[in-house]
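K.L.:
Let me begin by handing over the structure; questions about it come next.
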């Protein structure tokens with residue numbers, strides 16, 4: 001008897017009607033509105049580059065999400081993406097019991113980590129030096145003005161502020177009393 005060779009789920013991506021997919025009740029991950037807008041832009045510009053992970057519930061003919069809730073949400077809420085994708089969500093299926101599905105959800109979320117401030121400063125610096133406008137950076141990297149300004153300030157590079165106008169300081173109340 002030979003052992004069955006393992007094949008990762010990603011080699012079996014399926015196109016599933018989004019109406020046959022439902023969110024799980026145990027996903028602790030939440031994404032702020034600006035990041036959701038960025039995800040929608042990313043999917044619009046680049047397409048779905050990563051399938052959602054699901055468990056198939058045979059008795060209900062439903063795919064329950066393990067990972068990919070926000071990609072699923074974009075397909076359900078963005079008319080332009082829904083139409084372009086013809087209502088189909090790319091999914092891979094894993095076969096796990098409920099506790100292992102919950103663990104998979106947590107692993108998927110935690111494995112993403114956090115963005116490094118130093119790396120983000122380097123990225124902003126490089127984009128600015130490449131001639132990208134603040135508006136371009138904010139739109140394509142998903143930042144607001146305050147976050148972009150903070151990253152520029154943290155980097156401490158004067159050239160990042162070269163194209164900015166600053167107000168002229170008002171004279172101090174404590175200048176030259178004669």
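K.L.:
For the residues 78, 133, 25, what sequence is obtained by ranking on other C-beta atoms within 10 Å, fewest first? Don't skip to the end; give the middle numbers.
P.N.:
On the way: 78 18, 133 11, 25 7.
Ascending number of Cβ neighbours within 10 Å: 25, 133, 78.
K.L.:
For residue 14 and residue 84 in the same chain, what is the full-extension length gain: residue separation times 0.36 nm, less their Cα-Cα distance, in nm?
P.N.:
Numbers: separation 70, 0.36 × 70 = 25.20 nm, distance 1.67 nm.
That works out to 23.5 nm of additional length.
K.L.:
Hey, another quick one. Report the semi-axes of the equivalent ellipsoid for segment 1-91 in whole Å, largest first, where each axis is √(5λ) for an eigenvalue λ of the Cα gyration tensor. Provide the component values of the computation, followed by the final result.
P.N.:
Details: eigenvalues 127, 45, 39 Å².
Equivalent-ellipsoid dimensions as semi-axes: 25, 15, 14 Å.
K.L.:
Using 1/(1 + (r/R0)^6) with R0 = 35 angstrom and r between the beta carbons of residue 144 and residue 22, what's the FRET efficiency to the nearest 0.05?
P.N.:
Working: r = 33 Å, r/R0 = 0.93.
Computed FRET efficiency for residue 144 and residue 22: 0.60.
Values quoted throughout were computed directly from the atomic coordinates according to the rules given, and no laboratory measurement underlies them. Since we're looking at a predicted model, the values are computed, not measured. Every residue, glycine as well, gets a Cβ built from its backbone with ideal geometry; the counts of neighbours run over all protein chains shown.
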